[in-house]
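Take a look at the structure below.
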């Protein structure tokens, strides 16, 4: 199949190609030249030949006539005949005839004169000095005749006739002509071979150039023509090579630019989407596709309505194409977890003639912004509420005391005690808020001291022992055989663990127990605090780490919680590069787990000096000057914070 | 001539998809109004139904215009007849969304019923069905459309479970009859939306494959 078609194209190439045209052209030129030349030269040659033969005939006649004149004058016929016969032997093809004045043939080189008729009426005899052509009956062939009179002393004795066969003349001319034709044929042959050779020498580079141009056109940018000649074709090939170099360079630059731009577009968080005036999608980056929840196989050539059916975007496209003005809209894309909120800006792009060419959409994901706004709003509302509640009750009690000077002492003491509780409560809220603010401000700038997690757990347990006993909750520590080393800010970590512990004690029923477990595995160092309290519902587990979020508001406040403890835990742990999680089921108690990155193993022995200090929780803040120097502004407040951060509820 | 026809068909597809987008949004809002107790969204659904009605009329007119002007045949003709049916189905879905929104307003004003209702799942499946049936229309994907038809059973099952739960509740607690009835009606409407989404998917199969699959069970479901 391919072989046959290749042969066909080859034939076609030859039939229509350059070689064939040159071949045919050469053939025609040579043929026409030959024919014309042959005719021209043949005619000229024949004339020349004739002229020279006639000259020879005339010469012969002159010479012969002078030789024969004497014999003629003497009338010696026998001698005359002998002379003529002698001459005839030298004159091969020419025939001499001597004719007497009366027309009788006296002598002849070829015939017996006795047998010949009288020649007086022959035109050449009648008009001597002219050439006559005529068919000779004697010799039965076309002859040319010429006669000169033989005169002696002014008296005409007779005529000498020279005859020559026309065939001989014609044969000469024919010889020349055929020689000419042979030459022409040879010239034709050689010319054609040369023509083909030259044509192919021109055609091959042309074909190479054609193949090259086609190949480059199809994307073989590396291809170049080998320059073999230094003629016009060679310089054409060179120019083509140069042009290809430049084009390829330009194409590569453009391709690099395009890929750079699409890389930039792909890397953008904002979705970028462009449609032309017919609302065909021209461009859509990955972010746009995922923000719009679109089918990723669609972008490019499809219509906008096929990419997204969001009414806001379709309306924006229409109005932007219509008015040519920038426009903005906010839309919500349905999806898991309440979907997304997008801000869409549509900008018109005009072409050089000022016609609307495209609309470019930029999509911002506002979901997180909106969520944070809500968190902030909630926070402010919560803070105001949390601060206002104790204030209101304090004012109530104080007003009662102020308004009633006769109040019984017990009542007044009771009221003032309530006020005192209120101020303590406000104090603890403010302290927690300050702690939280400090931790958030210090996020990522915690100390990186080598510590043993077990020591921290021990310190916290010791600190809460009294409270636990008061509530009849058993505190149980489970330590691994090998101490777990971590790096971190001792005061912050103690606060965090302490918060978990006080919560656990608070929510445990009387007679319950709280387990504190430290462990280590390949994922990090763990400390888990479990209680057998009421547990936390699944949907609330995510939210308990938010500021002021409370599962059971009344109970929490009754227990003296500020609603900030777990938020502090979360911030501390995140600041240490760890994570905090909760595992709980309603009625089955809760387990809070803190995971911290482990200190490198070879540092395991380093914190040996700190460990004894950690034994005594009260002294740990004050006894370590290095700790406080870096960690906080004032010594006393630092120690105070460490205590109140852990015991706001207890006070 | 064909250039004009293709252009008109593309615009028609734009219109029906745009309408689909609006209807999807209405269903989404109605659902959120019901589940998240958001009367503002319910009122939005009710207010914007007019736009959908207008766009139904516009699509219908466009279809008739193309039929009269170009007298299309084969695939183009199937496309237009399918669009006319889908248009009708979409408009009815929008009306059902309005009904759900109206129920939602009543549900919002009453105390929540503490019953194991699965509106979230039911509505999620239904909205997905609607979305996929329109996506199938976009990409002429008959496989996706057939898949949509198969999902209708789940919605029916949830609807039946809602009936059981809510009727029992009405018997036990006559005070909650109003809310329970509203929820029951909403459940019915959602089930109906799923049916209409199935209709759309069937029309897409007809449009793509010229095969009518209505009123015959799919081979897969016959085996069950």
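For this structure, a couple of remarks:
- For the peptide B:16-26, the mean number of other protein chain Cβ atoms found within 10 angstrom of a residue's Cβ is 5.
- Cα-based helix-to-principal-axis angle, A:2-16 vs chain A, degrees rounded to 10: 50 degrees
- If a spin label sat at a point 7 angstrom from the Cα of residue A:93 along the line to its beta carbon, no backbone N atom of the stretch A:107-140 would be nearer than 14 Å.
- Radius of gyration and Dmax over the Cα atoms of the stretch A:15-220, both given in Å: 30.2, 108
- Extending 7 Å from Cα along the Cβ direction at residue B:50 and again at residue A:410 yields two label points whose distance is 7.2 nm.
- Of the beta bridges in chain A, as assigned by DSSP with both residues counted there, near 95 percent are antiparallel.
- Among B:23-33, A:187-197, the order from most to least packed when residues are scored by Cβ within 10 Å on average: B:23-33, A:187-197
- Protection proxy ranking of A:423-429, A:364-370, B:99-105 - average other beta-carbon atoms within 10 Å, highest first: B:99-105, A:423-429, A:364-370
- Cα long-axis angle, helix A:409-442 against chain A (0 to 90 degrees, to the nearest 10): 20 degrees
- Average Cα contact separation per residue, chain A, under 8 Å, 6 or more apart, as relative contact order %: 8 percent
- Computed [θ] at 222 nm, deg cm²/dmol, chain A (DSSP H ≥ 4; -39,500 (n - 2.57); rounded to nearest 500): -19000 deg cm²/dmol
- On Cα atoms only, tilt of A:232-267 relative to the major axis of chain A in degrees: 10 degrees
- Cα gyration tensor shape of the stretch A:388-515, rounded if a/c is under 1.5, else prolate or oblate by comparing a/b with b/c: oblate
- The mean number of partner chain beta-carbon atoms within 10 angstrom of a residue's beta-carbon across peptide B:130-138 is 2.
- In this simple spin-label model, placing a label point 7 Å from the Cα along the Cα-to-Cβ direction at both residue A:139 and residue B:110 gives a separation of 14.9 nm.
- Averaging the sequence gap over all C-alpha pairs within less than 8 Å and six or more residues apart, then dividing by the number of residues, gives the stretch A:268-365 a relative contact order of 29 percent.
- Three-way shape label, the stretch A:112-223, alpha-carbon gyration tensor, a/c 1.5: prolate
- Note on the stretch A:268-365: the alpha carbon radius of gyration divided by the globular reference 2.2 N^0.38 Å gives 1.01.
- Note on residue A:326 and residue A:20: the model spin-label points, each 7 Å out from Cα along the C-beta direction, lie 6.6 nm apart.
- Anisotropy class of chain B from Cα gyration tensor, a/c 1.5 cut: oblate
- With the Kirkwood sum run over all distinct C-alpha pairs, chain A has a hydrodynamic radius of 38.9 Å.
- Förster radius 51 Å - calculated FRET efficiency between residue A:235 and residue A:319 (Cβ-Cβ, nearest 0.05): 0.30
Values quoted throughout were computed directly from the atomic coordinates according to the rules given, and no laboratory measurement underlies them. Keep in mind that this is a model prediction, so the values were computed, not measured. With ideal geometry, Cβ positions are generated from the backbone for all residues, glycine too; neighbour counts draw on all protein chains shown.
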